[in-house]
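The values are calculated or read from the model by the stated rules, or taken from the named source; none is laboratory data. All of these numbers come straight from a predicted model, not from anything done at the bench. Neighbour counts run over all protein chains shown; Cβ positions are idealised from the backbone, glycine included.
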Amino acid sequence: MVVKSKIEHINYALVAKTHTPMYLMHKYWARKPHNVVSEYIRHYSKEGDVVLDPFAGSGVTAIEAVKLSRKTVAIDLDPMATFITKETAMPVDLKIFELEFRNIEKKIKKKVYELYKTNCSKCKEEVIVEAVIWEKDKPKEIRYSCKCIKGTQWKNVSDADLKRLKEIEGKSIPYWYPKNELIWNSRVNVRQGEKVCELFTKRNLLALSMILNEIEKVKNVKIRDLFKFTFTSTLAQASKMIPFMGGFKSGGPSWKIRGFWTPEKRFELNVWDCFEGRYKKVVRGKKNLMI
């Protein structure tokens, strides 16, 4: 007769640690603390065991299991969840990733920046918009940087700025972008008949379509998928869902509410800057994965 040893259960509190760079590459609501998950896997399994997570979410359980030399099976009905899990865990050649980023940057950064031109209120030189505060669907203030003075500057939206925006509104979008309707659900602030594209300003939608079009041209499938991962992690910040909270003391503008709420007073952020910022986060996260 085989006598099984008694399992001593965890009967003490585990203090959650902040997410490591690997888990900061892509937004995912209700992501579980990695150190707590890791401790449970370590305690209730041994090396070589199979860990099953039938509700994988962003993949914390699966990734922590692999790190602890367990085999893992991760399942989720949401294809976005399995995509985030795969792209977070997948090793990648960062040199190739950087090379492709520089290629994309060379091709379209200036074209994207063309959409965000304004003039410094002091020296009148042409500068690039970093952010716009919108209130009741009207642009009010612009944040930018200029070599004439140290630090970021704010100015009121001018007639010239309004003219530029009107010209952009009249432009057609030459590349693919989503025109489908969201599923009506008041619990996540989706109104009946609302389309995905309505979550973005025309300027940001145009810029995003340009970036995605270049990503689709990347021939290396593994690298292309990682850029799509970078791109989707950009979307929330590039949307209308970023409330203006009166400054940056809370860590800067971010997606605050789990759903598709468009605040009355909100930020419009420069799409290229958002994309480049997420690219840097992905690089940091992948380096963290290699440790």
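Considering the range 1-44 alone, what residues qualify as being among the small types (Gly, Ala, Ser), exposed (fewer than 15 other Cβ atoms within 10 Å of the Cβ) and in the same structural domain as PHE83 (by TED's automatic domain parsing)?
Scanning the range 1-44 gives a single hit, ALA30.
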With the checklist (1) at pLDDT 95 or above; (2) within 26 Å of ARG258 (Cα to Cα) in hand, flag the one item GLN192 doesn't pass. (1)
Criterion: modelled with pLDDT under 95 and closer than 24 Å to PHE275 by Cβ - qualifying residue of PRO139, PRO174: PRO174
Can SER58 be described as part of a loop (DSSP other than H, G, I, E, B), polar (S, T, N, Q) and surrounded by fewer than 19 Cβ atoms within 10 Å (Cβ to Cβ)? no
Checked pairs for the range 123-136, first under 20 Å from SER239 (Cβ atoms), second of a type outside the set (D, E, K, R) and exposed (fewer than 13 other Cβ atoms within 10 Å of the Cβ), C-beta under 8 Å and 6 or more apart or across chains, list as GLU130/THR152
Look through the range 213-227, keep the residues that are without any contact (Cβ under 8 Å) to a residue 40 or more places away in the chain and assigned to a helix (DSSP H, G or I), and return whichever of them is nearest to HIS26 (Cα to Cα). ARG224
In the range 67-87, anything surrounded by fewer than 19 Cβ atoms within 10 Å (Cβ to Cβ), among the polar types (S, T, N, Q) and in a helix (DSSP H, G or I) is listed as THR82
